[in-house]
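A.B. asks: I'd like to ask you about the structure that follows.
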Amino acid sequence: MLTVYGFGASGNCWKVAQILRSTDRPFAWIEVDSNAGGTRTDAFLAVNPNGKVPAVVLADGEVLTESNAILAHFAEGTAWLPAPGLARTRVFEWLFFEQYSHEPYIAVARNWIGYLKARTRYADRLPEVMERGYRALAVMERRLAGADWLAGGAPSIADLALFAYTHVAHEGEFELSAYPGIRAWLERVRAIPGIEPLG
Ligand SMILES: N[C@@H](CCC(=O)N[C@@H](CS)C(=O)NCC(=O)O)C(=O)O
């Protein structure tokens, strides 16, 4: 049995639950509220010294961290991840894009505005976070205006990774009306059998 340490409201943790559901792996979930210090306890730091969820404990006790690495681990050998080569590299491009250019802005705005209701506390940082978030959405729109999926011609973990926070971007007050390619893609991902969106 796999054990997932995760926070139910988190898109990063959603990715892990979704790939486990999509590859028919049962798992136990231990809820850790990362907004309430749950990732900073000695007990949790013994699981992930980096103090972040998600973390997955395998049957042999090995611990996996970093949501997109976890996606790749469980997608290995399935249609969610192409074989090594250019097609796989295209998937990885989007995974790294998500972590460096998308999640730090879209997830953070959602957490500050939608979850913590702390708009005033972060008023000085929000404009830049929103601007960078829209920049990431524009990159996605360029691809999705002419393609059904982010990488290649079929759904992959690139789509799961980017769906995680894009489908709840409105909770961070991102307006998607000017991004028809993204909106159509969100519906395509929602329509994949077994997908259980966050919101
Ligand atoms: N790069 C990490 C980011 C994980 C992350 O930021 N997790 C947040 C919750 S979504 C967290 O645990 N934050 C607690 C903290 O930073 O103290 C991943 O993709 O797994």
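The values are calculated or read from the model by the stated rules, or taken from the named source; none is laboratory data. Because the structure is a prediction, the values reported are computed rather than measured. Virtual Cβ from ideal backbone geometry, glycine too; neighbours counted across all protein chains shown. Accessible surface is based on the protein model in full, side chains and every heavy atom, while ligands, DNA and RNA are left aside. Shrake-Rupley method; radii C 1.70, N 1.55, O 1.52, S 1.80 Å.
A.B. asks: Tell me the helices (runs of 4 or more DSSP H) entirely within segment 47-127 that contain at least 3 residues that are of a type in the set (Lys, Arg) and without any contact (Cβ under 8 Å) to a residue 12 or more places away in the chain.
C.D. replies: Where helices (runs of 4 or more DSSP H) fall fully within segment 47-127, none carries at least 3 residues being of a type in the set (Lys, Arg) and without any contact (Cβ under 8 Å) to a residue 12 or more places away in the chain.
A.B. asks: Kindly indicate the residue of segment 100-119 that is surrounded by 15 or more Cβ atoms within 10 Å (Cβ to Cβ) and more than 19 Å from residue 35 (Cβ to Cβ) and also farthest from the ligand (Cβ to nearest atom) among those meeting that condition.
C.D. replies: Restricting to residues being surrounded by 15 or more Cβ atoms within 10 Å (Cβ to Cβ) and more than 19 Å from residue 35 (Cβ to Cβ), the top hit is 101.
A.B. asks: Now for a separate question. In segment 60-80, is there at least one residue being on the phi > 0 side of the Ramachandran plot and surrounded by 15 or more Cβ atoms within 10 Å (Cβ to Cβ)? Steps first, answer last, please.
C.D. replies: Filtering segment 60-80 down to residues on the phi > 0 side of the Ramachandran plot leaves 61, 66, 77.
Restricting the remaining residues to those that are surrounded by 15 or more Cβ atoms within 10 Å (Cβ to Cβ) gives 66.
Looking for residues that are on the phi > 0 side of the Ramachandran plot and surrounded by 15 or more Cβ atoms within 10 Å (Cβ to Cβ), one finds at least one in segment 60-80, hence yes.
A.B. asks: Can you name the condition, by its number, that residue 122 falls short on among (1) surrounded by fewer than 13 Cβ atoms within 10 Å (Cβ to Cβ); (2) over 18 Å from residue 11 (Cβ atoms)?
C.D. replies: It is condition (1) that residue 122 fails.
A.B. asks: Only one of these is within 12 Å of the ligand (Cβ to nearest atom), at pLDDT below 95 and more than 12 Å from the chain's Cα centre (by Cα): 48, 35. Name it. Outline the logic, then answer.
C.D. replies: Values: 48 fails: at pLDDT below 95.
Going through 48, 35 in turn, just one is within 12 Å of the ligand (Cβ to nearest atom), at pLDDT below 95 and more than 12 Å from the chain's Cα centre (by Cα): 35.
A.B. asks: Residue 40 versus (1) within 12 Å of the ligand (Cβ to nearest atom); (2) open to solvent by 50 Å² or more (accessible area, probe 1.4 Å); (3) in a helix (DSSP H, G or I): which is the lone unmet condition?
C.D. replies: Here residue 40 meets the rest and fails (3).
A.B. asks: Specify the residue that is nearest to the chain's Cα centre (by Cα); the eligible residues are those in segment 146-187 that are of a type in the set (D, E, K, R) and open to solvent by 10 Å² or more (accessible area, probe 1.4 Å).
C.D. replies: So in segment 146-187, the residues of a type in the set (D, E, K, R) come out as 148, 159, 171, 173, 175, 183, 187.
Add one more test, that the residue is open to solvent by 10 Å² or more (accessible area, probe 1.4 Å), and what stays is 148, 171, 173, 175, 183, 187.
Working: 148: 19, 171: 15, 173: 18, 175: 19, 183: 17, 187: 17 Å.
Result: 171.
A.B. asks: Tell me, which residue of segment 20-29 that is in a strand (DSSP E or B) and open to solvent by less than 70 Å² (accessible area, probe 1.4 Å) is nearest to the ligand (Cβ to nearest atom)? Reasoning before the result, please.
C.D. replies: Step one: list which residues in segment 20-29 are in a strand (DSSP E or B), which gives 27-29.
Remaining after also requiring open to solvent by less than 70 Å² (accessible area, probe 1.4 Å): 27-28.
Values: 27: 16, 28: 18 Å.
Filtering first and then ranking leaves 27.
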